[in-house]
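What follows is one structure encoded as structure tokens, with my remarks underneath.
The values are calculated or read from the model by the stated rules, or taken from the named source; none is laboratory data. Since the structure is predicted, the reported quantities are computational estimates derived from the model, not experimental observations. Neighbour counts run over all protein chains shown; Cβ positions are idealised from the backbone, glycine included.
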Amino acid sequence: MILYQKRLCNNRAIMFKIIILTHTETLAKFESSFTLSSKPKRSMTGMERNNSYLPASVKEMEALGWEQADVIIFSGDAYVDHPSFGPAVIGRIIENEGLKVAIVPQPNWRDDLRDFRKMGEPKYFFGVTAGNMDSMVNHYTAAKRLRSDDAYTPGGKSGFRPDYPTIVYTSILKKLYPGAPVIIGGIEASMRRLTHFDYWKDRLEPSILSSSGADMLVYGMGEQPVREIVRLLCKGVPFGSLRTIPQTSVRLAIDEPLPVRENWTTKTLNSFEDCLKDKEMFAQNFVTFEKESNKIEASRLVEQYGKEKIVVNPPFPPMSETEADLTYKLPYTYLPHPRYDRKGVIPAYEMIKFSVNIHRGCFGGCSFCAIAAHQGKHIVKRSGQSIMEEIDRLAGMESFKGYLSDLGGPSANMYGMVAKDISRCRKCPRPSCIWPGICENLDTSHRQLLDLYREVSRRRDVKKAFIGSGVRYDLLFPEWNRNAGRTEEDYLQELIVSHISGRLKVAPEHTADHVTALMRKPPYKLFRKLKARFDAIARKNDLKYTIVPYFISSHPGCTVKDMQDLAGELKNDGLKPEQVQDFTPTPMTLSTLIYYTGKDPFSGKNVFVARSSDDKRRQKDFFFWYKRGGSESYGGRREKRAGAGKPRRT
Ligand code: SF4
């Protein structure tokens, strides 16, 4: 699944990948040999077990002797106490600061609101998150059809959270406890922090900070800002004075002066109302937002909405290795809360329970992806020791059979890759360090990653460590990366021979160069190069392995003709696409902006966009030419075209 990472906001598998980093379904056969509950080897009493989690009920609070929690987190996801699940991470971070944290997972918002009342008012603040995914991506398909399942709920059942829980939960809390501060966070809040296009409402929406009525928004990965907030509150700083914490956003009255913070610069965006009137103004906002999101030293952004202004403070610098390790040292149980014991498995947990997240961030900069805007462009890696300690923990679980389903991150192979001279990156606005070419300031050596793979492979308790995350194969070939050499060749060899289960999933995304260019992806010919190397390595090692490419239809710039050509190219290459998706415009990506405006804001050129459900379906049908009567008939439609879908003569 990690393969998907780049299309992150395009499908829900990806959305949860942003935070939880799961593995591919390639591994299903190994997963199926695992038992479905992963209990620690030492058996605990019911009460002991409950007390090792953040309390999720009044009874559990009472068992801890608490009369009042300091912080209460409301989450749209079930509570899984694992570092791949945002609410657990934030809860554990706050707990680590010495505070009493309770969690209310998937509260019922349709009854008498007892779930919102039962724990009362916290001493400091409520935290609200939709969960690991944007709720609309979780709830609806690209065709806006309601999904029947939810990977973050026991039994995979749907209907346990509303659309836009960030807004719904916050509004309820504000009505019940008007004086209590509410902080929103998670991917839904993060990627809606300024005016954004909402595909499901088919219109521009103001910052979710305004729509929800929350007091503060934490964007990106929340450890650093949350720690800062908690430390200041504990020192007695009133909540209302917390206006200049990096990586947060606050609302100010229109005539209120901006709080002063030394060395900060400020950029004023076009107002929400101006964006509504003029798509060009919205596009200008996006360009500023994207450039600033990609800088280490970014400007503060200010955007007016009605009688207030939204102030988005610059981010914290990327976490150091020591800081990243801290997140994984916290006392997670690595299990879903016992309240779900008889309610069925939580599919998202089952997918990731034996996978290890080795780094964060992505410098790929794909246009449809929200990872950089959420996790950051710069790679934050964990130390080898921290990774090994986590593997020790997993190996100690009853159901661990020696298979790690993934050692990865937003991409499989960016671990440890940093700039040679970081000072050159501080103000660098480039959305991608590897497109349209690889920046000569980026060290793309795969040495550290290769060493890590080998260290893990040497462990006696690990039979095999799979790499389920998507591989950026453009980093591996001198045709794209002039620094690629022996190490990258060794990496590819090791990956194929020792770390896949028979199918390597990669994401060329399209075969048309003008579409991949709009996606900020390398051209399809590089995928052909990968396939040739893959086949050669598999042949040499007598492995009957296949390569599985991922594609997107209806991405801005993609026409029916492009899809016809794609079908033809794939047929020529002997590929039957299995992993495909139709483009979903998720908030605040470049692709979504182009979907809305019909224009590339950087080149100023008009871009064709397939918007109607018929057009989108027609494009998607081309993926399945081989199921529907061969190259001439696509999805039951007979297309009039010249040679498309037919094998090339060579
Ligand atoms: S590596 Fe290059 S492209 Fe990437 S942030 Fe640094 S200077 Fe910019």
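Listed values, structure above:
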| read-out | value |
| --- | --- |
| Meets criteria (among the hydrophobic types (A, V, I, L, M, F, W, C) and surrounded by 22 or more Cβ atoms within 10 Å (Cβ to Cβ)) for Val218 | yes |
| Which numbered condition Leu330 fails, given (1) surrounded by 21 or more Cβ atoms within 10 Å (Cβ to Cβ); (2) within 30 Å of Ser383 (Cα to Cα) | (1) |
| Qualifying positions in the stretch 412-421 - within 18 Å of Pro318 (Cα to Cα) and either at pLDDT below 95 or assigned to a loop (DSSP other than H, G, I, E, B) (or both) | Met414, Tyr415, Gly416, Met417, Val418, Lys420, Asp421 |
| Candidates Lys100, Lys118, Lys123, filtered to the one that is over 20 Å from Asp341 (Cβ atoms) and in contact (Cβ under 8 Å) with a residue 60 or more places away in the chain | Lys118 |
| Yes/no for Leu326 being in a strand (DSSP E or B), more than 16 Å from the ligand (Cβ to nearest atom), of a type outside the set (Asp, Glu) and not assigned by TED's automatic domain parsing to the domain that holds Gln448 | no |
| Top-ranked residue in the stretch 33-63 [being outside any helix (DSSP H, G or I) and modelled with pLDDT of 95 or more; ranked as surrounded by the most Cβ atoms within 10 Å (Cβ to Cβ)] | Leu54 |
| Candidate set from the stretch 529-585 (those that are touching an Asp or Glu at 6+ places or on another chain (Cβ under 7 Å) and of a type in the set (A, V, I, L, M)); member that is nearest to Asp474 (Cα to Cα) | Val548 |
| Count of the stretch 346-375 residues which are more than 16 Å from the ligand (Cβ to nearest atom), β-branched (Val, Ile, Thr) and not in a loop (DSSP other than H, G, I, E, B) | 2 |
| Residue among Lys343, Lys309 that alone is modelled with pLDDT of 95 or more and assigned to a strand (DSSP E or B) | Lys309 |
| Residue among Gly240, Gly236, Gly222 that alone is assigned by TED's automatic domain parsing to the domain that holds Val89, under 22 Å from the mean Cα position of the chain (by Cα) and more than 30 Å from Lys605 (Cα to Cα) | Gly222 |
| Cβ-Cβ under 8 Å pairs, at least 6 apart or on other chains, the stretch 514-526 side on the phi > 0 side of the Ramachandran plot, far side outside any helix (DSSP H, G or I) | Arg520/Gly364; Arg520/Gly365; Arg520/Cys366; Arg520/Ser367; Arg520/Pro431; Arg520/Ser432; Arg520/Trp435; Arg520/Pro436 |
| Glu440 being surrounded by fewer than 23 Cβ atoms within 10 Å (Cβ to Cβ), more than 24 Å from the chain's Cα centre (by Cα) and either free of Cβ contacts under 8 Å to residues at least 60 places away in the same chain or within 16 Å of the ligand (Cβ to nearest atom) (or both) | yes |
| Flag if Val182 is hydrophobic (A, V, I, L, M, F, W, C) and either within 25 Å of Glu228 (Cβ to Cβ) or touching a strand residue (DSSP E or B) at 6+ places or on another chain (Cβ under 6 Å) (or both) | yes |
| Candidate set from the stretch 376-411 (those that are more than 30 Å from Asp443 (Cβ to Cβ) and outside any helix (DSSP H, G or I)); member that is nearest to the chain's Cα centre (by Cα) | Tyr403 |
| Residue that is among the small types (Gly, Ala, Ser) and assigned to a helix (DSSP H, G or I), where the choices are Ser210, Ser249 | Ser210 |
| Exclusive hit being in contact with a Phe, Trp or Tyr (Cβ under 7 Å, 6 or more places away or on another chain), at pLDDT below 95 and surrounded by fewer than 18 Cβ atoms within 10 Å (Cβ to Cβ), set Gly470, Gly502 | Gly502 |
| Output for the stretch 404-433, where each listed residue is hydroxyl-bearing (Ser, Thr, Tyr) and crowded, with 23+ Cβ neighbours inside 10 Å | Ser405, Ser411, Tyr415 |
| Residue satisfying all of: in the stretch 279-299; closer than 17 Å to Ser432 by Cβ and assigned to a helix (DSSP H, G or I); farthest from the ligand (Cβ to nearest atom) among these | Phe286 |
| Test for Gly384: is it buried (at least 19 other Cβ atoms within 10 Å of the Cβ), assigned by TED's automatic domain parsing to the domain that holds Gly365 and more than 14 Å from the ligand (Cβ to nearest atom) | no |
| Scope the stretch 451-467; condition crowded, with 20+ Cβ neighbours inside 10 Å and either more than 24 Å from the chain's Cα centre (by Cα) or within 16 Å of the ligand (Cβ to nearest atom) (or both); matching residues | Val456 |
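Here's the yes/no breakdown for (1) part of a loop (DSSP other than H, G, I, E, B); (2) in contact with a Cys (Cβ under 8 Å, 6 or more places away or on another chain); (3) over 30 Å from Tyr453 (Cβ atoms):
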residue	(1), (2), (3)
Ala484	yes, no, no
Leu504	no, no, no
Lys531	no, no, no
Phe534	no, no, no
Ile537	no, no, no
Asp562	no, no, yes
Glu569	no, no, yes
Gln581	no, no, no
